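Below is one structure; the comments refer to it alone.
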Amino acid sequence: MKFMVTWKGRPGFYKAAVEQFLKTGGKPPKGLKSVGRWHAPGSMQGWHLVEGDDLKALAQHVAEWGDLLELEVHPVIEDAAAGEAASRVFGK
């Protein structure tokens, strides 16, 4: 399963968040694969697409950054799967 982790820096923690990112690379723990990560230049906002079925690893990843960033986790599916689900409801 894929999850989009969105983040926004907590006020006053910019330097600490950047230092942790530079030190660790922001890699997710074992059990999750990083599909891609994007940063909004000039802000403390970004998105990290991870893939895996280990929800404990996902919780760990969020906990590793929770003191520095405000995080949200959203399960996501691709267009084909969303279209298939819509077809089941609306028929086609």
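Scanning the stretch 1-16 for residues that are without any contact (Cβ under 8 Å) to a residue 40 or more places away in the chain and in a loop (DSSP other than H, G, I, E, B), we see that the one that is nearest to Leu55 (Cα to Cα) is Pro11. The residue list Lys30, Lys2, Lys8 contains one member that is among the basic types (Lys, Arg) and touching a helix residue (DSSP H, G or I) at 6+ places or on another chain (Cβ under 7 Å), which is Lys30. Residues in the stretch 64-92 that are over 15 Å from Lys2 (Cβ atoms) and not in a helix (DSSP H, G or I): Gly66, Asp67, Leu68, Leu69, Glu70, Leu71, Gly91, Lys92. Note on the stretch 1-31: residues that are in contact with a His (Cβ under 6 Å, 6 or more places away or on another chain) and of a type in the set (A, V, I, L, M) total 2. Of a type in the set (S, T, N, Q), modelled with pLDDT of 95 or more and over 14 Å from the mean Cα position of the chain (by Cα): does that describe Gln20? Answer is yes for this residue. Looking only at residues of the stretch 2-16 that are over 9 Å from Leu69 (Cα atoms) and open to solvent by less than 90 Å² (accessible area, probe 1.4 Å), we find that the one that is farthest from the chain's Cα centre (by Cα) is Gly12. Of all the residues in the stretch 17-63, those that are in contact (Cβ under 8 Å) with a residue 40 or more places away in the chain, within 22 Å of Met1 (Cα to Cα) and surrounded by 11 or more Cβ atoms within 10 Å (Cβ to Cβ) number 10.
The values are calculated or read from the model by the stated rules, or taken from the named source; none is laboratory data. Quick caveat, the model's predicted, so the values are computed rather than measured. Neighbour counts run over all protein chains shown; Cβ positions are idealised from the backbone, glycine included. We work out accessible area using only protein heavy atoms, side chains counted, and drop any ligands, DNA or RNA first. Shrake-Rupley method; radii C 1.70, N 1.55, O 1.52, S 1.80 Å.
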